[in-house]
Each structure stands twice: as structure tokens, then as C-alpha cells.
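Report on the following structure.
None of the figures in this text is laboratory data; all of them are computed from the coordinates on show. Note that this is a predicted model, so its numbers are computed, not measured. Here the Cβ positions follow ideal geometry from the backbone for every residue, glycine too, while neighbour counts run over all protein chains shown.
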Amino acid sequence: MADRNSPIGVFDSGVGGLTVVREIMRQIPDERIIYFGDTARLPYGSKSRDTILRYTRQNIRFLMAQDVKAIVIACNTATAFALETVEKELSVPIIGVIHAGAKTAVESTRNNKIGIIGTEGTIRSGVYTKVMQAMKKDIEVIGKACPLFVPLVEEGLLHDTVTDEIASRYLSELKGKFIDTLVLGCTHYPLLRSTVGRVMGPEVNLVNPAYETALELKQVLTDNSLMCEVKDQSQDKYRFYVSDLAENFTNFAASILPGQVKETKQINIEQF
């Protein structure tokens, strides 16, 4: 049985998962967090299922070596391709970012037409369609891969004419499908929320799975009697690790989590 005062482990391919960390900090502020961004091997969205599963297992082994009590896969692609397999291999609770966002989208749509934007891997997997139609069979799900969004975010081009142009091209197809709800199906995409919202228009409700995932995590910790009992005010409360470019990560993370990412350590993830 895990120690309830141990940290939560969170991983993603890069900085996108910090949108999930931000929501966890807001929803369950007493929890300690260890974050790993696999910056040496991003993006995950264009990789094969076998490669994603191997990466996911390595990331989990690293987090388990830090004595975490629960794990959040803060990556839609890794959730789609690996969660079902790795949750059978673990002794601690593990959740992904797909179920909670899908549930919110199904509950909020009025015309049963839901769009999902994500990486090529997430869209190719069809996982959002499967999950949503299991909740409500007459839901129509229209997926659109937006592979350039992740590198644009990682390059810090959040408010740039290039990003505006690419968003317009990607999203024009969805605009013609008359969706009323759009899931930001990659944890990088909430950082482009204002751009996506502007292109889609105010009549389309944007769903950010990061917020819903933090609420799901809170419920999982409660159900497993794993909510932290100790208020940790130390500098060690939030720890950040990457597989490459630690300084770049720290600089960019400051825009998502101001004042929280004081240092990022680089590790060799291939050792795990």
C-alpha cells in the first residue's frame, strides 16, 4: 500500500502535461508532484503503438523509482495506446487524460456533434469515439489531427501569425461539420485555447481535459485513502525532470506555472 504522503507522478512528452499539473495544483493544493517531460523523444503523436508503450513503461519505471503513490499519464497519445496495458502491471492507481474529457464533452453537447483535435496517434486510435459512444451511442465524433500544434507550443509560438494560419487551416474542416463542442485532445492544446476559440467562434464550447483529469485524480485519491495529510511547504514539494533541454523547459514552464519551476533536472530515461 502506497504512503498517502508520497508524491503524485505525472508524465508527458514535453511541456503540455504542465497544463494538467497546473489543474492538480489548483484542485488538490496539498499534494506533492513529480513531473517528467520526455523532451528528448517528443512528439509522441507520430510514433507507433509499440514505441509509445515502451516509452510509457520507461517513464513509469522512473516515476515509481521516486516512490510515487499514483500516476497521471498527462498525454493523450500515451493514454490511448498504453493505459489499458500498463494499468494491469502497476500496484498504484494510474489514470489518463481521455475519459474525463470525453465525459464532459458528452454531457455538454446539445446537438450530439463533437469535434476532437489531437495528435495523429490519438486521432488514429479512435479512442475518443469509442469512449464517447459507449457513454451515448448516437454521438457523432469528428476527429482532426493537428500535428504541428505540439512543435509550435514547444517552440513558444503561442501567439504568432504562423500559429494563427495553421490553426485556420486545420480547423476549417471542423467548422463545416457544425459541431457545438470541441475537445482539446492533447495536453499541449490548452496553451492555444485563445487561438482555437477565436477560429471556432463563441458558439463552440471548448473542453479542456486537464481540468477534468485533476478532478478525477482527486476522486481516485479519495477512494483509495491516498489524499495527502501533511502540508508540505518545502522547496521539494514540486520536482521537475526532463530527458533533454532542461534550461529550455524551465524557461517555458515559467509561463504556465509562474514561480513554481525553480529547477529542472535532466535524466537519462533510457536507463529505466
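Tabulated values for the structure
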| quantity | calculated |
| --- | --- |
| Longest DSSP-loop-exposure-free segment, GluC sites (Glu not before Pro), the chain, at most 16 other Cβ within 10 Å | 1-86 |
| ASP180 paired with SER168, simple spin-label distance in nm, labels 7 Å along Cα-to-beta-carbon | 2.8 |
| Computed lengthening from ASN111 to LYS218, 0.36 nm per intervening residue step minus Cα-Cα distance | 35.5 nm |
| Cβ-based net charge around GLU31, under 12 Å, with every Lys or Arg adding one and every Asp or Glu removing one | +3 |
| Cα-based radius of gyration of segment 98-209 once divided by 2.2 N^0.38 Å, which approximates compact folds | 0.99 |
| Sites matching trypsin sites (Lys or Arg not before Pro) across segment 38-92 that sit in DSSP coil, with at most 16 neighbouring C-beta atoms within 10 Å | LYS88 |
| Distance from segment 86-110 to segment 141-170 (C-alpha centre basis), Å | 24 |
| Low-density loop cleavage sites - chymotrypsin sites (Phe, Trp or Tyr not before Pro) in segment 168-257, where at most 13 other Cβ are within 10 Å (DSSP) | PHE178 |
| Other-chain or far-sequence residues with amide H under 5 Å of THR264's (modelled H) | none |
| Electrostatic dipole magnitude of the chain [Cβ: Lys, Arg +1; Asp, Glu -1; Cα centre; debye, to 20] | 460 |
| The chain: calculated mean residue ellipticity at 222 nm from DSSP helix runs of at least 4, using -39500 (n - 2.57) | -13000 deg cm²/dmol |
| Relative contact order (percent, whole number), the chain, Cα cutoff 8 Å, 6+ residue spacing | 28 |
| Residues of type lysines that LYS231 reaches as a straight line, Cα spacing below 23 Å, ignoring anything fewer than 8 places off in the same chain | LYS69, LYS218, LYS262 |
| Whether the chain is rounded, prolate or oblate, judged on the alpha carbon gyration tensor where a/c under 1.5 counts as rounded | prolate |
